[in-house]
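The values are calculated or read from the model by the stated rules, or taken from the named source; none is laboratory data. Just so we're clear, the structure is a prediction, and the values are computed from it rather than from any experiment. Counting neighbours? That spans all protein chains shown, and the Cβs are built from the backbone with ideal geometry, glycine included. Note: areas computed on protein heavy atoms with side chains; ligands, DNA, RNA excluded. Shrake-Rupley method; radii C 1.70, N 1.55, O 1.52, S 1.80 Å.
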Amino acid sequence: MYREKLITKIHRHRFLKEHEEKILQAYDFAEDAHEGQLRHTGEPYIVHPLAVAIQTADWGLDATTVIASLLHDIVEDTSHTLDEVKRLFGDDVAFIVDGVTKIGQRVRYQGNQSQADTLKKMILALSRDIRVVFVKLADRLHNMQTLDAVPIAKQRRIALETNEIYAPLAYRIGMATLSGDLEDLAFPYLHPRENKWLSTAIQEHLAEGEEYLSRVKEVVSKELHHHRIKYQRIDTRAKRISSLYKKLKRVSMDLNQVYDLVAVRIIVPNISSCYAALGVIHSLWPPLPGKIKDYIALPKPNGYRSLHTTVFCLDKKLTEFQIRTEEMHNENEYGLAAYWAYQQSKGSKRYEEGSRVTFARHSELDILNQIKKWQESFVETKEIIESLKIDLFSDRIFVLTPDGEVIDLPEGSTPIDFAYEIHSDVGNTCVGARVNDKLVALDRPLEDGDVIEIVTQKNKLPNKSWLAIVKTSKAKTRIRAALRQAEGEDDKQPITYTITARDRLGLMKDISAVFSQQKTNIVSIVSRPVRGSQFTTVKISAEITNLDKAEKILLKIKSLKNIREVSYKK
Ligand code: MN
């Protein structure tokens, strides 16, 4: 029965024959692996991976993602291993399954904001392949849809994590609808009382509004016809409960002050019709000043594009209109998933036949420009976009500091490499490392998503044996430098220069510049005016082991302006 559901679905999405077979093979493997397991709902476990797979297929994603969706809980919840997945379904599928598993194990939101940021970054670090995020989000969506069946003690934590981590993450990668769906699903668990009140209140408002909206729709469509502006459809929609609640908090929970409980959405064929339709609306009804938003000329940071306006509509009722093209609409709904689907479908059968993804009509340049805009306007999106490209650098790993900063290192890097990446002092004085809260040996190779804390000890020196362990050239150079300096220091005796000069502006600066040019550290400077004259005596001790260098410095100082006498002694 479940298998049939999947077959129908993948037929509709027109996968290649061999992909279709592979998807079904993954299904059979998963069904077998989860045999005997039940969900909290009492259904067989396979229902869950199936729902996740259908979701990623509906987003227009490729067979690899759909297969990984079917297998995403295999490693965590069954006796099968990642190696088996890799052998049967290939490296890409295994990589996605591994990423989703690690996110599941390591991302545990306990409720404070700074942690939320770390966790979002960790998800990114674990998602070098952006498809990991898509599968994880589809996984979370289905878990939220069935949250009622989960023990009450766990419900709130999961809802909170969804609201604070996954919904913002979805929003950031442009999957606005998904983000709103996740927030709406979490809402009743986070605000049970408000949910009860709002659901009833909205119902009443909507009943009232339906007749009104159909009148608005009629007037608008007539007027668009009259001006020969083509449109694909006019939708009306109620405001989401979660975003309504956010808005209500700003107006002391007075429902009468929220005028855009419903919005009218007009979908038109191209950008110029967007502006033409906006003109028509404004010629029908006066706009509310300050509420005209041109997100086409200036897209929102997450890439959202649309025209918005709120007008004094029929019966002087304030009503919001959103005007956009179908492409914009899809971008707004599916964000990076749509982009990814488009990239994958290029040149394939799905692309040629024109799949659900209207991005097929988009020129690639448009999308690249869009991505570029995201990059410029949004640092965190930049991280995500970067993670799209990171496949090219599959020999890199991404780890985190306890503060959530993402550090990238070559594969096989150790905690020592990490320490030197943070700061050479941290590297030099490193004595131990905690990885994911466990003390580990300093030569243990790090893995994607590890959170690393370095234990340091003052005045410690790097160990010569580290040179054989570290992977980065940065660590190697710094270890050598520290060791060289330590050896040098033993027989290092400062040399002291005595300089007599007529004082002038910039004299001290010129003298110390000579030392820095010779890469010599000054240990101390004492300067004293010579009584009864315009002269000053300056005594400088510096760390010099090499007498040639000492002589060079002497000559250089002598050549400066206003210097009368220079000498040095050991
Ligand atoms: Mn799952």
Of the residues in the stretch 456-474, those that are exposed (fewer than 15 other Cβ atoms within 10 Å of the Cβ) and aliphatic (A, V, I, L, M) come to L461, L467, A468
If we keep only residues of the stretch 67-79 that are surrounded by fewer than 24 Cβ atoms within 10 Å (Cβ to Cβ) and of a type in the set (S, T, Y), then the residue nearest to the chain's Cα centre (by Cα) is T78
Residues of the stretch 404-435 being assigned to a loop (DSSP other than H, G, I, E, B) and open to solvent by 60 Å² or more (accessible area, probe 1.4 Å), in sequence order, are E405, E411, H423
Among (1) touching a strand residue (DSSP E or B) at 6+ places or on another chain (Cβ under 6 Å); (2) surrounded by fewer than 14 Cβ atoms within 10 Å (Cβ to Cβ), T477 falls short only on (1)
Checked the stretch 376-417 for anything of a type in the set (V, I, T) and either at pLDDT below 65 or under 13 Å from I130 (Cα atoms) (or both); matches are V379, T381, I384, I385, I390
When the stretch 142-190 is checked residue by residue, the ones that are away from the ligand (no atom under 15 Å from the Cβ) and charged (D, E, K, R) are D148, R156, R157, E164, R172, D181, E183, D184
Of those in the stretch 158-214 that are farther than 25 Å from E320 by Cα and more than 31 Å from the chain's Cα centre (by Cα), the residue most open to solvent (accessible area, probe 1.4 Å) is R193
Review point. Is it fair to say T64 is open to solvent by 60 Å² or more (accessible area, probe 1.4 Å), among the hydroxyl-bearing types (S, T, Y) and more than 23 Å from L182 (Cα to Cα)?
Key: no
Counting only residues in the stretch 436-455 that are of a type in the set (A, V, I, L, M) and open to solvent by less than 40 Å² (accessible area, probe 1.4 Å), the one modelled with the lowest pLDDT is identified as V451
Taking the stretch 503-530 and keeping residues in a loop (DSSP other than H, G, I, E, B), open to solvent by less than 80 Å² (accessible area, probe 1.4 Å) and of a type outside the set (S, T, Y) leaves R504, G506, Q518, V530
